[in-house]
Amino acid sequence: IKDSAEAGLAEALPALDEAVKVLQNLKASDLSEVAKYSNPPALAKLVIEAVCVMFQIPPAKVGEAGKKVDDYWPPGKKLLGDKELINNMKDYDKDHIPDKVIKKIETYVQNENFRPDKIESVSKACTAMCQWTLAMHKYHYVALEVEPKRKALAAAMGELKVVEEKVAGLVAQLKEVTDRLDKLEADFDMSIKKKEELANKAEECNVKLDRADRLLGGLGGEKIRWAATVEVLKGSIVNVIGDVMIAAGGIAYLGAFTGHYREKEEQNWSAKLTEYQIPFTVGAGVRNTLSEPVKIRGWTINGLPTDSLSVENAIILSKSRRWSLMIDPQGQANKWIKNMQKANGLEVIKLSEKEFLRSLVNAVRFGKPVLLENVGEELDPALEPVLAKQTFKQGGTDMIKIGDETIAYHPDFNFFITSKLPNPHYSPETCVKITLLNFTVNQTGLEDQLLGIVVGKERPDLQEEKNKLVVNMAEMKKTQKELEDQILKNLSESEGDILADENLIVVLGQAKTTSDKIAIDVAQAEVTEKEIDETREKYRPTAYQGSLLFFCVSDLALVDSMYQYSLQWFLALFEKGLEDSEAAPDDVAKRCDNVNAYFTFSLYKNICRGLFERDKLLFSFTLCIKLMQGSDRIDASEWRFLLAGATSNETALPNPAPEWLLGGSRRPR
C-alpha cells in the first residue's frame, strides 16, 4: 500500500520539486521587475491572475458603471510587492487546495499559452510562478487518487503498531541479554587491550634499551676526542679577542710582506697584547687562528703550494672583505685560481683586451668569478666601482654602475687580480681598495714542488699514490666533520625523550660506524703516507739543489734587469734534465747525483748563452758559492768577512793557520 501511494506521488513530486527549486533561485528583485509594469504583457498578466486565484485574492472591478470587468493586475501587483510571497509559495498548503480554486485554475491550466516555455520570453519570475501553479494543480489530482491508499495505509499502520509493541517487548528482553553479552565482550576486549598495552610497553622498553646501547656506543666513542675539543674551545673562548686581533691585523696589513716579516710583526703584536694584559694563544696568527684543514686540503689539491706563506695568503684571500691583488711573478697563484674556480665558469681577462670591461660587466651580472691577470702598477679607472664595491639598492636589488651602464650586482660574483711584476709599487689610493698578497715563491715551497716533479718522473706510481692519499685524507676528514656537525645538530634539535628519536639514533649509529671506519682508514693512510714520504725523501737532494739553483738564477736580475727567467722555463729545463740525465735503476743516491750534475751543467750553459761576457764569471762564482752554502761547506762568518771585511774587534777566535799566520798579525791596528 505504501509503495503504491509513493508511486502515485512520484508522478507529481518531480514537477513540484522542480517548481520549488526554481522558486529558491527567484529573488525579490525579479518580482519587483514584474511589478514595475504599468501595462503588463498578456502572458505576464495571465500568470499573475493564476497566482491570485491560487491565493484566493479577488479581482478588482474596473471600467464604467454597469460595464465593470474583473482585473487581477492591481491586486496582483500588490501581491508581487509582498516580501513573503516566495516563502508563501514554498509553504503553500498543497494537500488542502479548495475545490473552487481548482475549478477556477483549470481554465488557466487548459490555456495553451499558460506554458513555461512560452512565458520564459516574458519574465523569469513569471516562468517560475507558472511552473509552480502547474505543479500545484497536478499534485492536487495525484493526491486525490492517493488519498484512499493513505487511509488504507493508516489502518495497516495501526495494526502494525500493535504487532510492533509485542515485538518491542521481545526486543527489550533480547536487549537485556545482548547487553549482558556486550558487557562480557567489553570486559574481554579490555583485558585483551590491556594485555596488548603491556606487550607494547615491554617491546618499547626493549627498543629503548637497544637505542640506549646504540646511543652510548655512538657517543661513547667520541667522548675522549670531544672532551679534548671542549678543553681547546674553553681556552679559545678566553683567548679569542687577542687571537682575532692578531689575525685581523695580519689580514689587513701583512699580505704584501714576506713570511719572515709577517712572523716578526705577529711576535711584536703578541708582545703588545701581553703588555696590555689581553689574553691570546701562543703562536696566534692568520694561519693558526683562521685555518680550516679540510679547506686547505682542497686548496692544495687545486694546486696551491704547500708552504706556510702560500697557505696564509689563501686564508687572507678567503677572509678579506676587499678583492685581492696577488704579486705572482712565478704564476703559482694564477694557476691555483684557475683550477679552483674552473668549475664555477671562471672568466680570464687582461687590461690589454678591448672587451675586458664587457666581460667584467657580464660576470658581475651573472655571478661568475673573474681573473684579471698581468696587471701593472696602474689599474684602469673603470675598475673603481668594482674594487670599491660601490653598490646601491634599487627596487630591493643590489645595483652597481660600471662605466655608463647600471646593472644588477650578483652576490656570487668574485674578483681576483694577479701581477707578474716581482716588486711592484702601488699608490696608497690603490692599496686601500685591494688586499695585496705576496705569492713570490720561496725556497721551501719551490723545493716541495721540485720534489713532486722528481718523484712524478722517477716514481710515477708513488706520486699517484701520494696524490690519491692526499685526496682521500681530505675527503675522510671532511666527512668526519660533517658527521660531527650532523650529530650535534640532531642532539640540539631533539625534544623530549631522546630515546624516542629513532632518526637521531640511526644517525648516531651511522656516524659511529663511519667514524670507526674513517679512524681505521686514517691510521692506515698515515702509515702509508709515512712510507711514501720516506721513499720520496730519498729524492729530496735533487729538489733541494734545484731550488738553490733557481734562486741563484733569479738573483741575476739584480745584476742587470734584462736577466729575467720565469719559473715555468726553469721547471721545463728541470724536467728535461730528469729525462736526459744518466739513469741508475737500483741506486737512488747515484741517480740523484747524476741528475744534479747534469742539470747544474745544463742550467749553466743555458744561462750563459744569455749573459754578457763580463757577467759570466760573476754567475759562475755565485753559482759555486750557492751550492757550497747549500751543502754547509762555507762558514757564514768567513763569507761575511770576505764580502764586508772586518766588522768586529774580536780576536779570541782560534788561529786557522798558525804555521804561516802569526798570532800578533791578527790583532787589529
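FYI, it's all coordinate maths here, none of it is from the lab. Note that the structure is predicted; figures quoted are calculated from it, not measured. Cβ sites come from the backbone with ideal geometry, for glycine too, and all protein chains shown count toward neighbours.
Dipole orientation for the chain: of the candidates TRP569, PHE55, GLN524, PHE55 has the Cα lying most toward the positive pole (charges on Cβ; Lys, Arg +1; Asp, Glu -1). Taking the number of Cβ atoms within 10 Å of each Cβ as an exposure proxy, the fewest-first ranking of LEU491, LEU46 is LEU491, LEU46. Modelled spin-label separation between GLU165 and LYS27, with each label point placed 7 Å from Cα along the Cα-to-Cβ direction: 5.6 nm. Summarising the label geometry, the points placed 7 Å from Cα in the beta-carbon direction at ASP380 and LYS193 lie 8.2 nm from one another. Using R0 = 60 Å, the C-beta based FRET efficiency linking LEU643 and ASP213 works out to 0.20. Bridgeable lysines around LYS538 (alpha carbons under 23 Å apart, same-chain partners fewer than 8 residues away excluded): LYS457, LYS466, LYS468, LYS530, LYS576, LYS590, LYS626. Which Cα, out of THR435, THR306, LEU360, lies furthest along the positive dipole direction of region 291-441 (beta carbon charges, K/R +1, D/E -1)? The one lying farthest along the dipole's positive direction is THR306. Computed from backbone phi, the HN-Hα couplings of region 413-426 come to 5, 9, 10, 10, 10, 10, 10, 8, 5, x, 8, x, 10, 9 Hz, rounded to whole numbers (Karplus: 6.51 cos²θ - 1.76 cosθ + 1.60, θ = phi - 60°; Gly and Pro given as x). Near LEU558: Cβ cut-off under 14 Å, other residues only, Lys/Arg at +1 and Asp/Glu at -1. The net charge is -2. Taking one quarter of the surface of the C-alpha convex hull of region 228-365 gives a mean projected area of 10.5 nm². Of the listed values (1) 70, 27, 22; (2) 106, 41, 24; (3) 46, 32, 23, identify the label whose number matches semi-axes √(5λ) of the Cα gyration tensor in Å calculated from this model. Checking each listed value against the structure points to (2). Any of LYS335/LYS605; LYS338/LYS368; LYS27/LYS124; LYS264/LYS477; LYS319/LYS354 with alpha carbons more than 21 Å apart? Name them for me. Pairs exceeding 21 Å: LYS335/LYS605; LYS264/LYS477; LYS319/LYS354.
The DSSP beta bridges internal to the chain are antiparallel in roughly 40% of cases. The GluC sites (Glu not before Pro) of region 549-604 meeting both criteria, a DSSP state outside H, G, I, E and B (loop) and at most 16 other C-beta atoms within 10 angstrom of the site's C-beta, are GLU582. Think of the chain as a dipole: +1 on every Lys or Arg Cβ, -1 on every Asp or Glu Cβ, centred on the Cα centre; then among GLN510, ALA388, SER121, SER121 lies furthest on the positive end. The lysines within cross-link reach of LYS175, meaning a Cα-to-Cα straight distance under 17 Å and a gap of 8 or more places when in the same chain, are LYS166, LYS183. Of the DSSP H helices in the chain, those with a Cα length along their own long axis of 27 Å or more and a mean Kyte-Doolittle hydropathy reaching -0.5 comprise 2-24, 124-220, 223-253, 502-537, 588-609.
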